[in-house]
Amino acid sequence: MWTGDGMNAYELIVSILYSIDVYDLLLDAFRSAGMEYALRVIIVLVELAVLFGFVLITVMFLTWMERKVVAMVQSRYGPMVTGPRGLLQPVMDGIKLIGKEDIIPAGADRWIFTLAPFVVFVAALLVFIPLPFGYSLIISDLKVGLLYIIAISAVSPVAILLAGWASNNKYSLMGAMRAVAQDISYTIPLALAAIAVVVFTGSLSTVDIVNAQSGTLFGIIPKWFIFITPLGFILFLIASIAEMGRIPFDFQESEQELVAGFFTEYSGMKFAMFFLAEYAHLFAVSGIVVTLFFGGWTGPVLGNIPVQITSLIYFLIKTYAVIFFAMWLRDTVPRVRIDQLLNLGWKIMVPLALLNLLFAGFVVTAGVI
Amino acid sequence: METEQLLLNMGPVHPSTHGVLRFKLRMDGEIIRDCQVVMGYLHRGTEKLGEMKTYLQFVPYTDRLDYIAAMPNNYAYVKAVEELAGIEVPERAEFIRVLCMELNRVVNHLVFLGSLLLDLGASTPIMYGFREREKALQLFEMLCGARMTFNYIKPGGVREDLPEGFIPKLNEFMKDMEKRVDDYEQLINGNEIFLLRMKNIGVISAEEAVNYGMTGPSLRGSGVKYDIRRLEPYSIYPDLDFKVCSYPEGDSYARYMVRIDEMRESLHILRQVADNMPPGKAATTQRYGIAPETGIPSSVMSYFPRIFTPPPGEVYSRIEAPKGELGFYVVSDGTTKPYRIKIRSPSFCNLVAIPSMIVGLKIPDLIAAFGTIDVVLGDVDR
């Protein structure tokens, strides 16, 4: 009953309401009041509230997971006191951050200083719009989904530059400058590696990209793009870790050099916003990696469990695997130097990404897939 | 476009200055054009305090110099006092002292390894380093009850003899540690990012390093085989078999490798000392000039008095501490307190070479080079 093709979350909610015979009643009620549009607005708001709640809970879980993974690698326990195995630690951290004094430095540009964390957070949230969490679990299947994601990712460096500039702190400014330099050099290989995937699918829509990866290659291995273009995957992964600003590429904060980089002067909830944005971004980027290279939510169909549920589970498993990799990497390697990173970006990754694009063109022309 | 140089005050409160140290940097974007090291934020007047204390009372103050490795500090001062007063030390005491110092060298290099990698952004090695250090600290705790500030080595010997079961535990530690050093090498030395950050960074030539008065592993990283344990042997070092580790490159990586090799050499020394530990007393049994005004014998070391008066004179005695040459210049005027104490600390002399290493490089290189110099601010400022 829920298998309308090309549905998004809005249509899914409508069809669920319809199947339990509530939708017509609601529609009649709103129609009689002459406010048919209000129902639509309410459904969209519910949709966004679910997404927002999901992101918040995910972020809280990720901060806990990060600490546990670090602890695992470093042969210690990590948080253990608040809640079972320290699961409530993020809640306590949140309470602590809310209770903190909100300090704005004397020489800071008050408006921009206050605005920057919100811009960063909103940009991180917007990436979730065209992200397919599962079969028909997508807020909006944009025709230009991939382009949209890359474009939105370019907003956060602007906000970081705002934050760094407005803080009136030399470390913040240097962190912000680094973030911009890093982003400019990494968006290009990131986009080029993603374009190789677009060459295969012929569509920028994330749903189309996922659908193109269902089925198998040679009958055994799943038809994920990682198996078709492993080079593209590696380039995309490196570029997205640089994009996320995590070790080994966390120049914008680089604690040991710039104290805390662009958010040196932030405290309390404004600091928490950066923190939330960072982990929301981590999840979003990992989700994009899964969508582009690991077949998104595709996976074996299990009996009569609704495909919406199984696909969501497949998506989460794959995404958390990528997240785990990013966390593992953070605990294993030191940080490279900013100029070494730029060298890597311009002199190695851009040419390789172009080569990968050429390869994708050959594969498509030869009709392999 | 017109650009302006930026004056950046790095420290005294900064995550990577290992304490309260300040760098005044003149930056051209990310590039350091000029660097000035500003120290003195941790000055406690230790040398002046020494003039107010009796010879024995000053020993705990030496613990607070290089608090990562306090045993060599104890020893360097005690050695100076013993030379001044002509105190004989039993052989067993010397063995225990060397054992403590070499164990402390391992501890120091573990902390060095961890904090260097932490400075480079890898957060895991410091946990591994501290895990092993904990075992060594437990050994120290067995010896004297303290984990960092020991006050263990005293004129005439050591405060207490080895406790029961110490040598087996030490052997256990050494066996474990030898494997761990191999682990570190495997985990760290082959890491491309680590090599990118360390090779050809912070290069200092042998000549320049000598001119700056650098000593210890930092100097040996420039290819100068300068080790006081060999050049001016003291204690039981002439009888021990060990190599003086050095690398000719003079870059951060060489300084790091010297310390990794030294950990192995220290373990080798520890093994020799533990296997050949002679029987006997752990402190002298001779009586030395008891101060006439008190005449109270010490309760801890029943023969050696708490207060004693060395004959007037002066002595400079130096040892190879984990960070370099540690020297104590002690002047006696024939009273119960020293007339003057001057400390030549390795961290201070090594630190001043930093500007010549990093001008023209970037902030991350400053952090890396500074990490390989391995300073402790308690030792720099005294």
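Just so you know, all these numbers are worked out from the coordinates, no wet-lab data involved. None of these values were measured; they are calculated from a predicted model. Positions of Cβ are generated from backbone atoms using ideal geometry, with glycine treated the same way; all protein chains shown enter the neighbour counts.
Read phi for every residue in the range A:85-97 and hand back ³J(HN,Hα) as whole Hz from Karplus 6.51 cos²θ - 1.76 cosθ + 1.60, θ = phi - 60°, with x for Gly and Pro.
With the stated coefficients, the range A:85-97 comes to 6, x, 5, 8, 3, x, 5, 4, 4, x, 4, 4, 5 Hz.
For the range A:268-369, what is the largest minus smallest coordinate of the Cα atoms on each principal axis, given in angstrom and ordered from greatest to least?
Here the Cα extents, ordered largest to smallest, are 54, 53, 25 Å.
Taking every Cα atom in the protein assembly as shown, find the radius of gyration and the maximum pairwise distance Dmax, and write them in Å.
32.2, 111
Residue by residue through the range A:209-225, what is 3J(HN,Hα) from phi via Karplus (6.51 cos²θ - 1.76 cosθ + 1.60, θ = phi - 60°)? Round to whole Hz and write x for glycine and proline.
4, 5, 4, 5, 9, 7, x, 10, 9, 6, x, 10, 6, x, 7, 8, 6
Taking the Cα centre of each part, how many Å lie between the range B:1-29 and the range B:178-239?
27 Å
Rounded to the nearest 500 deg cm²/dmol, what is the calculated helix-only ellipticity per residue at 222 nm for chain A, with -39500 (n - 2.57) per DSSP H run of length n ≥ 4? Each step should come with its number before you reach the end.
On the way: 16 runs with 244 residues, N = 369.
Here the helix-only value at 222 nm equals -21500 deg cm²/dmol.
May I ask you to give the average projected area over all directions of the convex hull of the Cα atoms of the range A:47-143, in nm² rounded to one decimal?
Working: hull surface 39.9 nm².
The directionally averaged projection comes out at 10.0 nm².
With a Cα-only, solvent-free Debye model of chain A, what are the log10 I(q)/I(0) values at q = 0.07, 0.14 Å⁻¹?
Debye curve over Cα of chain A, log10 I(q)/I(0) at q = 0.07, 0.14 Å⁻¹: -0.34, -1.27.
Report D for chain B in µm² per second (integer): Stokes-Einstein, Kirkwood Rh on Cα pairs, 10 °C, 1.306 mPa s.
On the way: Rh = 21.5 Å.
Answer, rounded: 74 µm²/s.
Using only atoms on other chains, find how many Cβ atoms lie within 10 Å of each Cβ of peptide A:71-77 and report the average. Each step should come with its number before you reach the end.
On the way: counts 1, 0, 4, 8, 4, 3, 0.
Partner-chain Cβ atoms within 10 Å, mean over residues of A:71-77: 3.
Run the helix sum for chain B: -39,500 (n - 2.57) per DSSP H stretch of 4+ residues, divided by residue count, reported at 222 nm to the nearest 500 deg cm²/dmol. Don't jump to the answer; show the numbers that get you there.
Values: 15 runs with 170 residues, N = 382.
Computed mean residue ellipticity for chain B: -13500 deg cm²/dmol.
Between A:SER75 and A:THR114, what is the spin-label point distance in nm, taking each point 7 Å from the Cα along the Cα→C-beta axis?
If labels sit at A:SER75 and A:THR114, their model points lie 5.1 nm apart.
Around A:TYR135, which amide H atoms from residues at least 5 apart in sequence, or from another chain, sit under 5 Å from its own amide H, with H modelled in the peptide plane?
Amide H to amide H, under 5 Å and 5 or more residues apart or across chains, A:TYR135 pairs with A:SER311, A:LEU312.
On a 0 to 90° scale, report how tilted helix B:166-184 is relative to the longest principal axis of chain B, with both axes built from alpha carbons and the result rounded to the nearest 10.
Value to nearest ten degrees: 10.
Just how far, in whole angstrom, is the range A:29-59 from the range B:310-340 if you go by their alpha carbon centroids?
80 Å
Starting from a Cα-only point model with no solvent, please compute log10 I(q)/I(0) by Debye for the range A:120-232 at q = 0.18 1/Å.
Values, matching the q order: -0.96.
Which peptide among B:321-332, B:236-247, A:141-152, A:37-48 comes first, and what is the full order, when sorted by highest mean count of other Cβ atoms within 10 Å? Mind showing how you got there, number by number?
Values: B:321-332: 24.7, B:236-247: 15.7, A:141-152: 18.4, A:37-48: 13.5.
Highest to lowest by the protection proxy: B:321-332, A:141-152, B:236-247, A:37-48.
Averaged across the residues of B:121-131, what count of C-beta atoms belonging to other chains lies within 10 Å of each residue's C-beta? Working shown, then result.
Numbers: counts 14, 8, 10, 9, 2, 1, 7, 3, 0, 2, 3.
Average per residue, whole number: 5.
Explain nothing, just compute: Karplus ³J(HN,Hα) = 6.51 cos²θ - 1.76 cosθ + 1.60, θ = phi - 60°, for every residue of the range B:49-54 in order, whole Hz, x for Gly and Pro.
Once θ is set to phi - 60°, the couplings for the range B:49-54 become 4, x, 6, 9, 10, 6 Hz.
What is the Cα centroid distance between the range A:101-151 and the range A:153-198, reported in whole angstrom?
Using only Cα atoms to place each centre, the spacing works out to 14 Å.
Among B:152-162, B:179-189, how do they line up by average Cβ neighbours within 10 Å per residue, starting with the highest? Let's see the in-between values first.
On the way: B:152-162: 22.7, B:179-189: 15.1.
Final packing ranking: B:152-162, B:179-189.
Give me the inter-chain shielding for B:15-27: mean count of other chain Cβ atoms within 10 Å, whole number please.
On the way: counts 7, 6, 1, 0, 0, 0, 0, 0, 0, 0, 1, 0, 2.
Per residue, the average neighbour count from other chains is 1.
Rank by packing, highest mean first: peptides B:136-146, A:332-342, A:170-180, with packing defined as the count of other Cβ atoms within 10 Å averaged across residues. Provide the component values of the computation, followed by the final result.
On the way: B:136-146: 16.5, A:332-342: 20.3, A:170-180: 23.6.
Averaged packing, sorted descending, gives the order A:170-180, A:332-342, B:136-146.
Checking the a/c ratio against 1.5 first, then a/b against b/c, what shape does the Cα gyration tensor give for the range B:41-165? Before the final figure, lay out the partial values.
On the way: a/c = 2.57, a/b = 1.44, b/c = 1.78.
Here the range B:41-165 falls in the oblate category.
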